[in-house]
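Take a look at the structure below.
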Amino acid sequence: MELNRKNLPYLLLIILLICTIGIWFFIFKSNRQNDYLKVVFLDVGQGDAIYIEAPNGKQMLIDGGPDASLLSRLSQVMPFADRSIDIILATHADMDHIGGFPLLLDNYKIKNIIENGAEGDSKIYTSLEEKIIKKKINKVIAKRGMQIMLDKKRNIYFDIIFPDRDVSSFESNDGSIVGKLTYGESTFMLTGDATTYTENLIGWNESDAILDSDVLKLGHHGSRTSSGIPWLEKVSPEVAIISVDKNNKYGHPHKEILDRLSFLQIPYLSTSDVGNIIFKSDGMKLIYAK
């Protein structure tokens, strides 16, 4: 009897731990099963990282920012107990888009990675490719016409619009993957660092109806070499997103870009001004959550 009394606190602690795990598991499942698509433009400084979570819980991460700040930003928007991501996509191999990926692979289970087929020349790129092989992550080269189904029941998908050709010899930004995320009436055009050259290539191939989107992530952090007037007119977004670091050395977003947006009466949001930019959609109504 004496022994049982001594063990009672430990028994209570184990019961409390089991209950806590059960509660967190319930919260985790509840958070991942709902009717909303969540799209978050993460505030990773001078870089890009876009977190997408479908109602069925399937996740996609487009670009990984410049550094380890990716992990802290993901912890703000992902379920507490979740340590896996179904798909990551690197629009191109520049440091400000893949810098956080090697550390991500060390801390999360990643099932698939999509790349544009052009090799990078940085140590970060080499490290990323080595980890992809070591961890046996399925690698796919993006090609126009490819569709990534995120939620079959609700018909949520991401269409690859570019590259439509081999971009291994392209200037890095020119070869960026460009794709459109669709959930019912809600659409997002996501562009990496695509330049006006890339925009023109896409414009020659695609109709205005295909390019028309509610939300446009401006190419190259608001650089004057992206987001030309013809492209902005074709996409015709309700809001533009600029992923950028405040007081960056490049002068992004350039005044010319802000003037173009003003001329076309397109409002914009910037991660440097508001931090993480969160949208939710039920397939009919698009909600700016922050």
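The stretch between Asn138 and Tyr197 holds 18.2 nm of extra length on full extension. This uses 0.36 nm per residue minus the Cα-Cα distance. Segment Ser122..Asn247, full-extension length gain: 42.5 nm, with 0.36 nm per residue of separation and the alpha-carbon distance subtracted. Projected label points at Phe80 and Lys109, each 7 Å from Cα along the beta carbon direction, are separated by 2.1 nanometres. Cα-based radius of gyration for the chain, normalised by 2.2 N^0.38 Å, reads 1.10.
Where both bridge residues fall in the chain, DSSP classifies roughly 60% of the beta bridges as antiparallel. Summed over qualifying helices (DSSP H, 4 residues or more, each -39500 (n - 2.57)) and divided by its residue number, the chain shows a 222 nm mean residue ellipticity of -9500 deg cm²/dmol. By the rule of a C-alpha distance below 17 Å, with chain neighbours fewer than 8 residues away ignored, the aspartates and glutamates paired with Lys136 are Asp86, Asp106, Glu115.
Each DSSP beta bridge with both residues in region 128-245 is either parallel or antiparallel, and the antiparallel ones are about 70%.
Here, each number is a calculation from the coordinates, and none is a lab measurement. On a predicted model such as this, the values are computed, not experimentally measured, just so you know. Positions of Cβ are generated from backbone atoms using ideal geometry, with glycine treated the same way; all protein chains shown enter the neighbour counts.
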